[in-house]
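A quick write-up on the structure given underneath.
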Amino acid sequence: MKLRKLLIPFTIIASLTALVLSGCGRHHQDPEDKAEWIVHKVSKKLDLNEQQKVKLEAVKTEIMQNYKKHHQNKNQMMDTLLAEIQKPQIDPSVLMGMVNQHQSRVDEVAPGVINKLVEFHASLTEEQKQKLTKKLEKFRKHHQHDES
């Protein structure tokens, strides 16, 4: 039961983050617009009340604030990777440094996003949680890759 309480928020955060960053095929759209579209869809599908919408909006705001930082760092990481590839031999310590830097950013951002997500989740009714679970299962099936 304790594992399930932890698993649900992590699944929600992973899915919301994936949706915000991928936009479900809306690749040429502004990230803010994508996030707004996702909030609208979630609000509609779960029939959220005003208090719940405010909590979901807080999740979106937290993710978008961090998205902007991530996007800048992503470009820097790509520049570093390109520079390494052009060398006669790749320096593993540079790549490991990139990984460590990325991990530290995730560690820095995750608590804020998770806290907002936990607040949103706590505001949902059991029926809304069931709907959300079904939608996430459908999302996972749709985006699952064949491992054969």
| request: Can you tell me which residue among Glu32, Glu36, Glu57 is closer than 18 Å to Gly112 by Cα and within 15 Å of the chain's Cα centre (by Cα)? | output: Glu57
| Cβ-Cβ under 8 Å pairs, at least 6 apart or on other chains, region 107-131 side under 14 Å from Gln51 (Cβ atoms), far side assigned to a loop (DSSP other than H, G, I, E, B) | Gln128/Asp47; Gln128/Leu48
| request: Would you mention how many residues in region 33-79 are basic (Lys, Arg), within 23 Å of Ala110 (Cβ to Cβ) and at pLDDT 85 or above? | output: 3
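Have a look at Leu82, Leu117 and point out the one that is of a type outside the set (Lys, Arg) and either closer than 20 Å to Val42 by Cβ or at pLDDT below 90 (or both).
On the way: Leu82 fails: either closer than 20 Å to Val42 by Cβ or at pLDDT below 90 (or both).
Just a single option satisfies the conditions, and that option is Leu117.
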| query | Residues Asp91, Asp30: which one is over 22 Å from Arg140 (Cβ atoms), at pLDDT 90 or above and among the charged types (D, E, K, R)? | reply | Asp91
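The values are calculated or read from the model by the stated rules, or taken from the named source; none is laboratory data. Here the structure is a predicted model, which means the values were calculated and not measured. All Cβ positions, even for glycine, are placed from backbone atoms using ideal geometry, and neighbour counts span all protein chains on display.
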